[in-house]
1. Probe 1.4 Å, all protein chains in place: accessible area of residue 90 in Å², nearest 10?
2. To the nearest 10 square angstrom, what accessible area does residue 108 show with a 1.4 Å probe?
3. Any idea how far apart residue 85 and residue 63 come out in nm if each label point goes 7 Å out from Cα toward Cβ?
4. Please report, as a whole percent, how much of the solvent-accessible surface of segment 67-221 comes from carbon and sulfur atoms (probe radius 1.4 Å).
5. Taking the simple approach of a point 7 Å from Cα along Cα-to-Cβ for both residue 230 and residue 109, what is their distance in nm?
6. Leaving ligands, DNA and RNA out of it, work out the accessible area of residue 60 with a 1.4 Å probe and give it in Å² to the nearest 10.
7. From the convex hull of the Cα coordinates of segment 67-221, what is the mean projected area in square nanometres?
8. If R0 is 22 Å, what FRET efficiency do you get for residue 155 and residue 92 from their C-beta distance, rounded to 0.05?
Amino acid sequence: MQSSKPPITIFNIILFMIISILQLTKPVCTLPICRNLCGGIAINYPFSIDDGCGAPQYRKMLNCSGDLFFLTPSGNYRVRSIDYEKQTMVIYDPSMSTCSTLQPHHDFILTEIQSVVIPPTSDTIFVLLNCSIDSPVLNHYRSLCFNFSGHSCDELYSSCTSFKLFHPLSGVYPGCCYTSYNTVKLMSMNILDCSHYTTVYNTDDLKGIGPLDWSYGIKLSYMVPNTGCDRCQRTGGTCGFDTETEVMLCVCGSSTNSTRECAGGIVTGGGQKRTPWVFFQVLVLFMGAYNLSI
């Protein structure tokens, strides 16, 4: 005696369709929420403090741990401000010497990509202090040193309390050098043979202003990649990228994203955009189930 197959009811067909739709449209992955504030500083494109947000060129350059920090091979530098109109960022090195504090020297080092996409601006000057008479910048490479806005080394040594320690009994101050980032990029402080350094930015505005009132820190100039981020933002999305391929994505929510924009179609996770093809597949499954029932 042959066993008969149980009849396929309408309930079975509906249940089958629901399961099929869920399988076809379920998100592939969950995207991170892109935070837009840290320590009172706005975090906008191309920067981010969450992996997968912002532009991949600036991936993991910023860290939010109470305050906002710029990460480099030579250390973490606190971010004082980001000007998104002028495309500049001001950072501060707590281990740097200033008019009031004397710190042991260390090198300022950027990665190769940082040197290209976010280097120090031309109006940021590195001041090498207490250089020996054998220092390259006081001999063969003295052309790398320059005066800025009429300021001299003697003025810096005599004005700052911390630098007065370098005053010798002979009354002659040791050598110093106002130079650009390219100098410290190519030669370490040990090669330069200078015991301390400080950095000053907005130097074009410091004519007639004494060292006590200078702006100490490093101003960086960054580039914004042309990846179509404006289109994403106009549709309510946040610009990000795939963490594996670093392909640009438009993050439309905590679990949805698209390749370029949030508007149009049904957008799901994993960078995939569901199209009418999904519904065609569901229709085929429904027709198959219906045929089995008759």
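1. 10
2. So the heavy atoms of residue 108 present about 10 Å² to solvent.
3. Distance between label points: 3.3 nm.
4. Numbers: 3760 of 7440 Å².
Roughly 50 percent, rounded to a whole number.
5. My value for the distance between the label points is 3.9 nm.
6. Surface open to solvent at residue 60 totals about 140 Å².
7. Numbers: hull surface 36.9 nm².
With every direction weighted equally, the projected area is 9.2 nm².
8. Details: r = 23 Å, r/R0 = 1.03.
So the FRET efficiency works out to roughly 0.45.
The values are calculated or read from the model by the stated rules, or taken from the named source; none is laboratory data. Bear in mind that the values here come from a model prediction, so they are computed numbers and not experimental data. Positions of Cβ are backbone-derived with ideal geometry, glycine not excepted, and every protein chain shown enters the neighbour counts. Keep in mind that these areas ignore ligands, DNA and RNA; they rest on the heavy atoms of the full protein, side chains included. Shrake-Rupley method; radii C 1.70, N 1.55, O 1.52, S 1.80 Å.
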